[in-house]
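The values are calculated or read from the model by the stated rules, or taken from the named source; none is laboratory data. Owing to the predicted nature of the structure, the values given are computational and were not obtained by experimental measurement. Note that each Cβ is placed from the backbone with ideal geometry, even for glycine, and that neighbours are counted across all protein chains shown. What goes into the accessible areas is simple: the full protein's heavy atoms, side chains included, and nothing from ligands, DNA or RNA. Shrake-Rupley method; radii C 1.70, N 1.55, O 1.52, S 1.80 Å.
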Amino acid sequence: PFIYRYTTNNTMNEFNINLHHDWQVSSQHRMSFGYQFKAQEASLVFRDTNAVLLEGNLWANDTVRTGLHTIFAEFAYQATKKLDFTLGVRENHFPARGLYYSEPRASFNWFPFGKNESGNFRLKGGLGRYWQFV
């Protein structure tokens, strides 16, 4: 019943370098900053075959290599023993397209019963802009 059949062979390879530094400014304030580099290689192969005539076509055979440079900074504030806030920003440079992307972020953690050894029930929230590069 199926005359045409197709196959795909997609692969993704990735290499990362992460440099991260935390600085405990005081008992309630912490700064984090760093650099990340991500190299990716994406490969796509798409073929179809006519099962009756045994003819095949190679429609796509493409490999793309890209790199992404990111610098980031984050400020964390422990307001109380039950509440903390974090503000941060990531700046991404995508050289393959010559583009820059900003990712501002904010988050909080609220521990209504406090932090303890038996478990840390918490309410966590976050807001930010995120980009995915392939």
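Key figures
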item	result
Three-way shape call for the range 24-103 based on the alpha-carbon gyration tensor, with the a/c threshold at 1.5	prolate
Pairwise FRET efficiency - R47 versus F94, Cβ, R0 = 22 Å, nearest 0.05	0.15
Two-site label geometry, Q36 and A106: point separation in nm, points 7 Å out along Cα→Cβ	2.2
Ranking by accessible area, most exposed first, for Y35, Y101 with a 1.4 Å probe	Y35, Y101
Using alpha carbons only: equivalent-ellipsoid semi-axes of the chain, gyration tensor based, whole Å	47, 21, 12
Carbon + sulfur, % of accessible area of the chain - ligands and nucleic acids excluded, 1.4 Å	58
Anisotropy class of the range 57-134 from Cα gyration tensor, a/c 1.5 cut	prolate
Residue of P112, P95, P104 that the Gaussian network model of the chain assigns the largest fluctuation, springs spanning Cα pairs under 10 Å	P112
FRET efficiency for L127 and T63, using Cβ-Cβ distance with R0 set to 41 Å, rounded to 0.05	0.65
Selection of trypsin sites (Lys or Arg not before Pro), the range 95-132, meeting DSSP coil and at most 10 other Cβ within 10 Å	R97
Segment N10-W23, extension gain: residue separation times 0.36 nm, minus the distance between their alpha carbons	0.5 nm
Proximal lysine pairs, the chain, alpha carbons under 19 Å, eight or more residues apart or interchain	5
Accessible area per residue in Å² at 1.4 Å probe, computed on the range 85-134	77
